[in-house]
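Reading through the structure tokens given below for one structure.
What follows is calculated from the coordinates using simple rules that are stated; it is not laboratory data. If you're wondering where the values come from, they're calculated on a predicted model, not measured in any experiment. Cβ atoms come from the backbone with ideal geometry, glycine included; neighbour counts cover every protein chain shown.
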Amino acid sequence: MTSASVVLYWLPLGAGGRSVRLNGRVFEAVAARHERRSVRDLYHSALEVRLDDERFVIEMTPAWGNGAVDRGVVREGPVGVRWLGRFAAFRYEIRRWRAGVIPDVGLAVAGPRQIGDDVGRARRLLELVQQAPALTWGRDEMRTGEMWNSNSLTAWLLARSGHEVGTVGPPEHGRAPVWRAGLAVAAMQTRARVTEPHRREQ
């Protein structure tokens with residue numbers, strides 16, 4: 001009998017990279033001041049999916065800075081401005097990496113969180129990775145009210161594969177920027193699938 005697990009990791013934004021960590025802190029300081037709230041810790045999300053003895057790491061990361069030749073890249077997208085995506089420095093990649101690694105997984109906060117163990121949903125999630133929206137990182141192209149980033153991807157994958165996401169959130173005193181953008185895009189696509197057959201009948 002096939003076994004499955006879908007596990008979510010929350011990694012401190014910029015763990016292992018000073019530039020990203022510093023930029024993240026500046027961004028959060030400005031956002032907190034604008035929203036008149038206290039500064040919170042920022043987190044980046046990654047998934048690990050197991051089907052029997054097979055294990056896959058699913059993550060959105062910069063297209064540069066990793067020397068592994070076969071790291072399961074299935075999609076790429078632009079960063080900041082769409083036309084800049086032609087350059088590796090302004091491109092991200094979405095990985096479905098068999099037996100892959102999550103950099104700095106040892107720094108994950110609140111431990112790995114199991115989201116589900118349903119075999120069908122786990123398989124569906126793996127299938128969806130290569131269909132993920134290649135939206136511009138840092139922009140709100142779908143007009144959800146939030147920009148798109150790695151947390152949006154994670155939320156989108158969990159929602160579209162049928163996992164319960166209502167209680168999923170970052171560690172205490174933390175924030176996962178633009179998580180809601182992924183849920184919003186997933187909801188848009190689900191509504192479109194439901195209404196399209198009805199329109200054809202009319």
_Residues to consider are TRP137, TRP148, TRP97; find the one that is aromatic (Phe, Trp, Tyr), out of contact with any helix residue (DSSP H, G or I) (no Cβ under 6 Å at 6 or more places or on another chain) and more than 14 Å from PHE56 (Cα to Cα)._
TRP137
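Per-residue answers, yes or no, for (1) assigned to a loop (DSSP other than H, G, I, E, B); (2) crowded, with 21+ Cβ neighbours inside 10 Å:
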{"site": "ILE58", "(1), (2)": "no, yes"}
{"site": "ILE115", "(1), (2)": "no, yes"}
{"site": "ALA122", "(1), (2)": "no, yes"}
{"site": "GLN130", "(1), (2)": "no, no"}
{"site": "LEU135", "(1), (2)": "yes, yes"}
{"site": "LEU157", "(1), (2)": "no, yes"}
*Does THR136 count as under 23 Å from PRO12 (Cα atoms) and within 16 Å of the chain's Cα centre (by Cα)?*
yes
*Among (1) among the aliphatic types (A, V, I, L, M); (2) exposed (fewer than 14 other Cβ atoms within 10 Å of the Cβ); (3) at negative phi; (4) touching a residue at least 12 places away in the same chain (Cβ under 8 Å) - the single one LEU47 does not satisfy*: (2)
*Give GLU141, GLU172 a once-over and let me know the one that is under 19 Å from HIS44 (Cα atoms), outside any helix (DSSP H, G or I) and not small (Gly, Ala, Ser).*
GLU172
_All but one of (1) crowded, with 17+ Cβ neighbours inside 10 Å; (2) in a loop (DSSP other than H, G, I, E, B); (3) in contact with a Leu (Cβ under 8 Å, 6 or more places away or on another chain) hold for GLY100; state the number of the condition that does not hold._
(3)
*Does the range 140-148 include one or more residues that are on the phi < 0 side of the Ramachandran plot, in contact (Cβ under 8 Å) with a residue 60 or more places away in the chain and buried (at least 19 other Cβ atoms within 10 Å of the Cβ)?*
no
*Restricted to the range 73-94, and to residues that are of a type in the set (Gly, Ala, Ser) and touching a helix residue (DSSP H, G or I) at 6+ places or on another chain (Cβ under 9 Å), which residue is surrounded by the most Cβ atoms within 10 Å (Cβ to Cβ)?*
GLY77
